[in-house]
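Read the structure below first, then the notes.
The values are calculated or read from the model by the stated rules, or taken from the named source; none is laboratory data. These numbers come from a predicted model, not from an experiment. Here the Cβ positions follow ideal geometry from the backbone for every residue, glycine too, while neighbour counts run over all protein chains shown. All accessible areas refer to the heavy atoms of the entire protein, side chains included, with ligands and DNA or RNA removed. Shrake-Rupley method; radii C 1.70, N 1.55, O 1.52, S 1.80 Å.
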Amino acid sequence: MSEINLIAGVSVNADSVRKEYKIEDGRLTFTLSAEDYKGFWSRAVARFTEPMFFFIEVPDGDSDEYLTYYLNCTVPVAKAILKRYGGILFSDGVIRFGFGSDAGDELYMQEFQRLDIYSNSLSKFEPIVKSLGYKNNPEAITIWDVLSDSNPGMRECVEVDDEGFEDIIENLTEVGLYLGE
């Protein structure tokens, strides 16, 4: 079973985390390895039923709180967001992001590369995960499970081509991104 690779904005000892996923409580959970971001996201958003939306959660200043922004979109717009901002979304260790739909599907990328997939039909997404080499294991662990006082992990913001998450917010606000309540 292969190990996962860390994105640029994450540092932690994750040697015991493998390319495995588990399904419980109607959710598929795993640590998405750095090299699998592009392949997973482009294929997964294509499986969404419209209407759908993009969301991004960003730090609220120096507090531990996050602000959540939303953009109603279509599958082609979701793919365009991933193409344009994938460098930041796929490497920043601080932001959280994902896509949701009125049909009940949600992909939620969280801290330390934890990806939760919520769906009434996980069978739409599980083949993508399997095709990337992940194995179903009811005991699968994520990076969250290996964090401790002796392995606290670090997350940092990342810029790509002189752009960071602030630029995503600024640019997408011009096309309808709004701050949630």
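A single entry from Gly98, Gly87 fulfils the requirement of being touching a residue at least 60 places away in the same chain (Cβ under 8 Å), closer than 22 Å to Glu156 by Cα and touching a strand residue (DSSP E or B) at 6+ places or on another chain (Cβ under 6 Å): Gly87.
For Glu139, the conditions (1) touching a residue at least 60 places away in the same chain (Cβ under 8 Å); (2) exposed (fewer than 10 other Cβ atoms within 10 Å of the Cβ); (3) within 30 Å of Thr74 (Cα to Cα); (4) over 19 Å from the mean Cα position of the chain (by Cα) all hold with the exception of (3). Among the conditions (1) surrounded by fewer than 18 Cβ atoms within 10 Å (Cβ to Cβ); (2) more than 15 Å from Leu107 (Cα to Cα), the only one that Val58 does not satisfy is (1). The one condition from (1) hydrophobic (A, V, I, L, M, F, W, C); (2) surrounded by fewer than 16 Cβ atoms within 10 Å (Cβ to Cβ); (3) touching a residue at least 40 places away in the same chain (Cβ under 8 Å) that Ala80 does not meet is (3). Among the residues examined, Ser123 does not qualify as within 27 Å of Asp62 (Cα to Cα) and surrounded by fewer than 16 Cβ atoms within 10 Å (Cβ to Cβ). Only a single item in (1) touching a residue at least 24 places away in the same chain (Cβ under 8 Å); (2) in contact with a strand residue (DSSP E or B) (Cβ under 6 Å, 6 or more places away or on another chain); (3) of a type in the set (Asp, Glu) is not met by Asp60, and it is number (1). Residue count for the stretch 11-46 under the criterion of being open to solvent by less than 10 Å² (accessible area, probe 1.4 Å), touching a strand residue (DSSP E or B) at 6+ places or on another chain (Cβ under 7 Å) and farther than 16 Å from Tyr108 by Cβ: the result is 1.
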